[in-house]
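> Quick one: this structure, given as structure tokens, is what I'll be asking you about.
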Amino acid sequence: MRFLKLIISGLVFTVIYPAWSFTLNNTVAATFPGNDVPVNVAAHTCNNLGVSNQDLLEMVGDAVNNYWNQAPNSRLRLRKGSLTSVSAAFQTEPGCTSTAGGSCTPNPNLVVSGGILISCNTDTGSPANFSSGVMAVTIPNNIQDRNINGSLILLNDKVDNSFKNKSHDEQVAILAHEIGHGLGLGHSPVEDSLMYYASIPTRRSLGWDDLDGLAYLYPTGQPFSGCGSITLNHDDDESTGQGPGMFAFTMMLGIGLMLGLRRLKTSGLWR
Ligand SMILES: [Zn+2]
């Protein structure tokens, strides 16, 4: 019986003890209310980034599809947007008018009306956007209540920016990391995460902590299909047969539990 208690308490601990490490970049856990979030690129020319706006837009497509849209546990579907005309302020002004106490007061001249906007920025304003080595600054700068209406990603387009020296794949990962901030995620202390504070040149996918963070902010809706029934149909073209697989898993788990209980009874451990 003591053996059984140990197993049960271990299972309960596993179920109720939170194992994630992700953080949020705002105190209200704000999220985009809709599932479809476009990521646009400002149409102005980037002076020192080493890539054109069209290149950036193509990289955005890879960043959303190779990273965030891979998450099976999120309602969110990010979309490569378009080249978007914005005021010259996005190219030169600071993202925050104040950073006192580590808190950003968003610059009202750079409010993003919808989705996520990426803009090159030469950082001639004050306070400075980029301290040495910083490749980008991202601010969900249009938040109402718990809704993010728009987020701004400013890419360091100064002469000495380090983005231009990265490989294409690492540049895509850097954009995906910044998009993660635009969605409301902060940094993760787990090195195996896209949201780890430092760029890892070999990174090509999300880590478990990224998936946890995205599922926390943007959980998949679970359609109710009747008590105890298992839906075998999927509403998209990317069905991987999870329904039958889940049914088989449930059956095997049930049979395994029955056999385990019978063995415990015959061994005298279960009374
Ligand atoms: Zn970051």
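The values are calculated or read from the model by the stated rules, or taken from the named source; none is laboratory data. Everything quoted here is computed from the prediction, not taken from an experiment. All Cβ positions, even for glycine, are placed from backbone atoms using ideal geometry, and neighbour counts span all protein chains on display. When the accessible area is computed, the model is the full protein with side chains, heavy atoms only, and any ligands, DNA or RNA have been set aside. Shrake-Rupley method; radii C 1.70, N 1.55, O 1.52, S 1.80 Å.
> Using the alpha carbon gyration tensor of region 21-217, what are the three equivalent-ellipsoid semi-axes (square root of 5 times each eigenvalue), largest first, in whole Å?
22, 19, 17
> Between region 70-99 and region 130-188, what is the separation of their alpha carbon centroids in Å?
Going from one Cα centre to the other spans 8 Å.
> Given H placed on each backbone N at 1.01 Å, which residues far from A136 in sequence or on other chains put an amide H within less than 5 Å of it?
N156
> In sequence order, what are the phi-derived ³J(HN,Hα) couplings for region 197-204 according to the Karplus relation 6.51 cos²θ - 1.76 cosθ + 1.60 with θ = phi - 60°, rounded to whole Hz, with x for glycine and proline?
Per residue, the Karplus-derived 3J(HN,Hα) values read 5, 9, 6, 10, x, 8, 5, 9 Hz.
> Using the Karplus equation 6.51 cos²θ - 1.76 cosθ + 1.60 (θ = phi - 60°), what ³J(HN,Hα) coupling, rounded to whole Hz, does each residue of region 66-73 give in order, writing x for Gly and Pro?
Working through the residues one at a time gives 8, 10, 4, 6, 7, 6, x, 9 Hz.
> Report, to the nearest whole %, how much of the accessible area of region 21-217 belongs to carbon and sulfur atoms, 1.4 Å probe, protein only.
The C+S portion of the solvent-accessible surface of region 21-217 is 49 percent.
> Just add up the charged neighbours of S21: K/R +1, D/E -1, any other residue whose Cβ is under 9 Å from the Cβ of S21.
-2
> Suppose all protein chains stay in the model; what accessible area per residue would a 1.4 Å probe give for region 74-232, in Å²?
Per residue, region 74-232 has an accessible area of 47 Å².
> With θ set to phi - 60°, apply the Karplus curve 6.51 cos²θ - 1.76 cosθ + 1.60 along region 150-159 and write out the HN-Hα couplings as whole Hz, x wherever there is a Gly or Pro.
For region 150-159, the Karplus curve yields x, 10, 10, 10, 9, 8, 5, 10, 6, 4 Hz.
> On full extension of the chain, what length is gained from D169 through A89, given 0.36 nm per residue of separation minus the C-alpha to C-alpha distance?
Extra length from D169 to A89 when fully extended: 25.9 nm.
> Count charges around R204 for me, please; just the other residues with Cβ under 10 Å from its Cβ, Lys/Arg as +1, Asp/Glu as -1.
-1
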